[in-house]
Amino acid sequence: PFKGALFDLDGVLVDTAKYHYLAWKQLAGQLGFEFTEADNERLKGVSRMRSLEIVLEVGGVELSEEEKLRLAEEKNERYLQYIRRMDESELLPGAKRYLQALRAQGVKIALGSASKNAAFILDKVGIADLFDAIVDGTKVSRAKPDPEVFVVGCRELGLEPDDCVVFEDAEAGVQAALAAGMRVVGIGHADILGAAHRVVRGLDELVG
Ligand code: B16
Ligand code: MG
């Protein structure tokens, strides 16, 4: 019933949140405060610079723009050390099979992620060739819940918003998809993603 499928990356296809968390936690430790897994929930789907601001807010630390840019760069270096070691075993259950099933049905597939490392990660986990378009943090500047990432993804597939379904694990991502005029499948819990048209626990629920 749909011609295009747009996928968020972290939390939908792979669990990179755990590596973002380790890298932010180390940065916080270096600045002298604790950063917990509960704090990390606030960073999901949020851009790198905005994530840093949230981390600094947790620690009550104020820094110059220049210092912030340096720390964001440092965090990314640490994060890259983790994701360089990723392979196909880190795909979330059902992710690859669902992408393959959609392709077999002639559905066009795009990535809609805030990450500037998205293309690298798709490559590491061996699914880059399943995408017709990759829209990520290097291509768009307005963060979810702004619809930009999905609007551009749909356009790159040559489709209209009505033709597209978005798969998202973050509340801001669900809001972005709705604002783009698309249908949304929430990946996770209905208490957080209740605004989505449908909520499943993972893509494995959608493959036979
Ligand atoms: P990077 P998504 C997001 O990915 C993550 O959920 C978020 O925690 C991260 O800060 C953001 O990417 C930017 O990532 O530092 O690699 O550019 O869920 O939009 O796929
Ligand atoms: Mg996500």
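The values are calculated or read from the model by the stated rules, or taken from the named source; none is laboratory data. All values reported here derive from a predicted model rather than from experimental measurement. Note that each Cβ is placed from the backbone with ideal geometry, even for glycine, and that neighbours are counted across all protein chains shown.
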#### Entry: Top-ranked residue of the stretch 1-20 - restricted to ones that are more than 9 Å from ligand 1 (Cβ to nearest atom) and over 26 Å from V107 (Cα atoms), ranked as surrounded by the most Cβ atoms within 10 Å (Cβ to Cβ)
Y19
### Query
Can L69 be described as within 20 Å of A143 (Cα to Cα) and either part of a helix (DSSP H, G or I) or away from ligand 1 (no atom under 15 Å from the Cβ) (or both)?
yes
### Single residue of the stretch 154-173 satisfying the filter (more than 12 Å from ligand 1 (Cβ to nearest atom) and buried (at least 24 other Cβ atoms within 10 Å of the Cβ)) that is farthest from V199 (Cα to Cα)
C154
### Query
If the Cβ limit is 6 Å and pairs must be 6+ apart or interchain, which residue in the stretch 74-88 that is in a helix (DSSP H, G or I) pairs with which residue that is among the aliphatic types (A, V, I, L, M)?
K75/A23; K75/L27; R78/A23; Y79/A23; I83/I121; E88/V125
### Task
Assess whether A95 counts as being hydrophobic (A, V, I, L, M, F, W, C), touching a strand residue (DSSP E or B) at 6+ places or on another chain (Cβ under 9 Å) and surrounded by 15 or more Cβ atoms within 10 Å (Cβ to Cβ).
yes
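Which of the helices (runs of 4 or more DSSP H) contained wholly in the stretch 90-208 include at least 2 residues that are modelled with pLDDT under 95? Let's see the steps before the verdict.
On the way: elements: 95-104, 118-124, 148-156, 171-179, 190-193.
Helices (runs of 4 or more DSSP H) meeting the threshold: 171-179, 190-193.
Give me the residue from the stretch 32-41 that is part of a helix (DSSP H, G or I) and surrounded by 14 or more Cβ atoms within 10 Å (Cβ to Cβ) and, out of that set, farthest from ligand 2 (Cβ to nearest atom). Walk me through it before giving the result.
The first filter runs over the stretch 32-41 and keeps only residues part of a helix (DSSP H, G or I), leaving 37-41.
Okay, now just the ones that are also surrounded by 14 or more Cβ atoms within 10 Å (Cβ to Cβ), so 39-40.
Working: D39: 17, N40: 13 Å.
The qualifying residue farthest from ligand 2 (Cβ to nearest atom) is D39.
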### Given (1) free of Cβ contacts under 8 Å to residues at least 40 places away in the same chain; (2) surrounded by 15 or more Cβ atoms within 10 Å (Cβ to Cβ); (3) within 12 Å of ligand 1 (Cβ to nearest atom), index of the condition S47 fails
(1)
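Which members of the stretch 50-68 meet the condition of being in contact (Cβ under 8 Å) with a residue 12 or more places away in the chain and surrounded by 12 or more Cβ atoms within 10 Å (Cβ to Cβ)?
Step one: of the stretch 50-68, the residues in contact (Cβ under 8 Å) with a residue 12 or more places away in the chain are 50-56, 58-61, 68.
Correct list: R50, S51, L52, E53, I54, V55, L56, V58, G59, V61, K68.
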### Query
Within the stretch 105-163, how many residues are polar (S, T, N, Q) and within 15 Å of ligand 2 (Cβ to nearest atom)?
3
### Task
Any residue in the stretch 106-122 that's free of Cβ contacts under 8 Å to residues at least 40 places away in the same chain: show its pairings with residues that are near ligand 1 (Cβ under 6 Å from one of its atoms) and part of a loop (DSSP other than H, G, I, E, B) at Cβ separation under 7 Å, as long as the two are six or more apart or on different chains.
none
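May I ask you to list the residues in the stretch 1-29 that are in a loop (DSSP other than H, G, I, E, B) and at pLDDT 95 or above? Can you show your working first?
Within the stretch 1-29, the subset in a loop (DSSP other than H, G, I, E, B) is 1-3, 8-9, 11-13, 15-16.
F2, K3, D8, L9, G11, V12, L13, D15, T16, listed by residue number.
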